[in-house]
1. Taking helices (runs of 4 or more DSSP H) that do not extend beyond the range 1-109, which have at least 3 residues that are surrounded by 14 or more Cβ atoms within 10 Å (Cβ to Cβ)?
2. Considering every residue within the range 4-20, establish whether at least one is under 27 Å from residue 114 (Cβ atoms) and either at pLDDT 95 or above or touching a strand residue (DSSP E or B) at 6+ places or on another chain (Cβ under 9 Å) (or both).
């Protein structure tokens, strides 16, 4: 198994491929952000949930959405879903408590909860992209059916 790990290479992308991948990640992150803001707003305004609860539920919903679409369309990976989700879960085991901690501290300090939410979402966007690109999918980018079809079309032209 160790020898197999050593033979694996991180997928090198051209500048154009990298740009397209980042654009897709941004698009799906914005859609996940809309889900996060909508669910946060519902819990915060309609149910008067504390920040940590509204944020936590909204984060879980957006992560599930984002993971599903980025795995299939952005990274086009055949990575085992359980393994990939476990790695994403590991990211959020660290990120979630930290972001809840600073979110609570900042909102209790008088900073608007929506400002804190947006700032936290930006931090999440950058760190999650890097983590998924270089940890979760580092060896399996462009291995699913979509990527194979695109490669086949490119060879035919």
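The values are calculated or read from the model by the stated rules, or taken from the named source; none is laboratory data. Remember, predicted model here, so these are calculated numbers, not experimental data. As a convention, Cβ positions derive from the backbone with ideal geometry for all residues, glycine included, and neighbour counts pool all protein chains shown.
1. In the range 1-109, 15-41, 51-69, 81-108 are the helices (runs of 4 or more DSSP H) which contain 3 or more residues that are surrounded by 14 or more Cβ atoms within 10 Å (Cβ to Cβ).
2. No; the residues of the range 4-20 include none that is under 27 Å from residue 114 (Cβ atoms) and either at pLDDT 95 or above or touching a strand residue (DSSP E or B) at 6+ places or on another chain (Cβ under 9 Å) (or both).
Per-residue answers, yes or no, for (1) touching a helix residue (DSSP H, G or I) at 6+ places or on another chain (Cβ under 6 Å); (2) touching a residue at least 12 places away in the same chain (Cβ under 8 Å):
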position: 63; (1), (2): no, yes
position: 67; (1), (2): yes, yes
position: 80; (1), (2): no, no
position: 84; (1), (2): yes, yes
position: 93; (1), (2): no, no
position: 105; (1), (2): no, no
position: 125; (1), (2): yes, yes
position: 144; (1), (2): no, yes
position: 148; (1), (2): no, no
